Amino acid sequence: MNAIPTAQRHHIALSLAHRWFAFFEAPGGDLEAHLAIFDPQVRLSGHRGQRLFAQDHESLRAWFAAVPDEVSSHHILHSVYEDLAPDSGRLAFLVAYQAPGADGAVHGSIISYETQIAFGGEPRFLALDKTPMLPNTRPVFEPSWASNRVLARLHAELGGLGEAVDANSQDLRSAMGDNVNALSVLTNAPDGSSSYEALASWIGGEPAAPSSLRLAVRDDVREPLPTIQPLVPA
């Protein structure tokens, strides 16, 4: 993994981040498989390190068990990646979090995340810190499970990890092209859906230009990532 370019590392880091959020958004995920994206001595903290939630897999498993089972969404608004060493990097990003309340109102916040990721073998989180910054006052709940699942898969592909996911990797990578950035996904699939379509849009190519692609998605919340078949350019 040491030879992976910085741009590909950014995609891998974002793939992990989208997997992290999708796990919270639909019931039935495989916790043991999910723990594989965290270093055995992972540190999960809050408020710029002032609160420690977990410092290994055992305490992280207990933290997951204590998280309320509620409908929620997490949209990554912006991210910045930098290499820290030949085998590690830092991904900082802002997330719009929402959860419908019992009173019918939508509650939420804008949260700053800072993570460290190891690339020496299977990519894993070394540390995560989350700090609420300000209220998210959008009044309408905007689900994110399906888009997070698709983005996790697409960023894995762009990071060079697609062949480990499914046999459609070569077709998907060819359809997306090179130098992909500003990637976004639209879908209205209910949380936990096993089959749905999505629209991916991005800037890429030489010279850079906007592109989009309709995707057929086959999903299983118990699996780390969905499988995706490109359809036709939108």
Item checked: Per residue value of the accessible surface for the chain (all protein chains in place, 1.4 Å probe), Å² -> 49
Check: Where the convex hull is taken over the Cα atoms of segment 66-129, what is its projected area averaged over directions, in nm²?
Finding: 5.5
Item checked: Estimated translational D of segment 113-178 in µm²/s (Stokes, Kirkwood radius over Cα pairs; 25 °C; 0.890 mPa s) -> 166
Check: Taking square-rooted eigenvalues a ≥ b ≥ c of the alpha carbon gyration tensor, is segment 132-234 rounded, prolate or oblate, where a/c under 1.5 means rounded and, failing that, a/b exceeding b/c means prolate?
Finding: oblate
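With only Lys, Arg, Asp and Glu charged, each at its Cβ (+1 for the first two, -1 for the last two), find how big the charge dipole of segment 16-75 is about the Cα centre; round to the nearest 20 debye.
Working: 5 positive and 8 negative charges, 67 e Å.
Roughly 320 debye, rounded to the nearest 20.
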Next item on the list: Compare the Cα positions of PRO100, GLN55, PRO190 along the charge dipole of the chain (+1 at Cβ of Lys, Arg; -1 at Cβ of Asp, Glu; about the Cα centre) and return the one farthest towards the positive end.
Entry: PRO100
Check: What value, in deg cm²/dmol to 500, does the helix sum -39500 (n - 2.57) over DSSP H runs of n ≥ 4 give at 222 nm once divided by the residues of the chain?
Finding: -7500 deg cm²/dmol
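Over segment 104-234, what is the mean sequence separation of C-alpha contacts under 8 Å (at least six apart), divided by residue count, expressed as relative contact order in percent?
Details: 227 pairs, mean separation 24.6, N = 131.
So the answer I get is 19 percent.
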Next item on the list: Mind ranking ARG90, ARG48 by accessible surface for me, highest first, 1.4 Å probe?
Entry: ARG48, ARG90
Check: Counting Lys and Arg as +1 and Asp and Glu as -1, what is the net charge of the other residues whose Cβ lies under 14 Å from the Cβ of ASP83?
Finding: 0
Next item on the list: Looking at the chain, send over the antiparallel percent of its DSSP beta bridges, to the nearest 5.
Entry: 90
Next item on the list: Report, in debye and to the nearest 20, how large the dipole of segment 89-167 comes out about its Cα centre when Lys and Arg carry +1 and Asp and Glu carry -1 on their Cβ.
Entry: 140
Checklist line | Listed values (i) 1.00; (ii) 1.10; (iii) 0.94, entry calculated as Rg/Rh (Cα atoms, Kirkwood Rh) | finding: (iii)
Note to self: Modelling each spin label as a point 7 Å along the Cα-to-Cβ direction, I'd like the GLU70/ILE110 distance in nm, to one decimal.
What the structure shows: 2.1
Next item on the list: Rank GLY89, ALA152, ILE111 by how far each Cα sits towards the positive end of the charge dipole of segment 40-179 (+1 on Lys, Arg Cβ; -1 on Asp, Glu Cβ) and give me just the farthest.
Entry: ILE111
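Taking the Cα centre of the chain as origin, work out the dipole magnitude from +1 charges on Lys and Arg Cβ and -1 charges on Asp and Glu Cβ, in debye rounded to 20. Could the numbers behind the result be given before it?
Working: 16 positive and 27 negative charges, 89 e Å.
Dipole about the Cα centre, nearest 20: 420 debye.
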Next item on the list: Two decimals is fine: what is log10 I(q)/I(0) at q = 0.15, 0.24 Å⁻¹ for segment 3-87, from a Debye sum with one equal scatterer on every Cα and no solvent?
Entry: -0.69, -1.43
Note to self: Please report the antiparallel percentage of the DSSP beta bridges confined to segment 1-138, to the nearest 5.
What the structure shows: 90
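The values are calculated or read from the model by the stated rules, or taken from the named source; none is laboratory data. Since we're looking at a predicted model, the values are computed, not measured. Note: ideal-geometry Cβ built from the backbone for every residue, glycine included; neighbour counts use all protein chains shown. Calculation scope for accessible area: heavy atoms of the full protein, side chains included, ligands and nucleic acids excluded. Shrake-Rupley method; radii C 1.70, N 1.55, O 1.52, S 1.80 Å.
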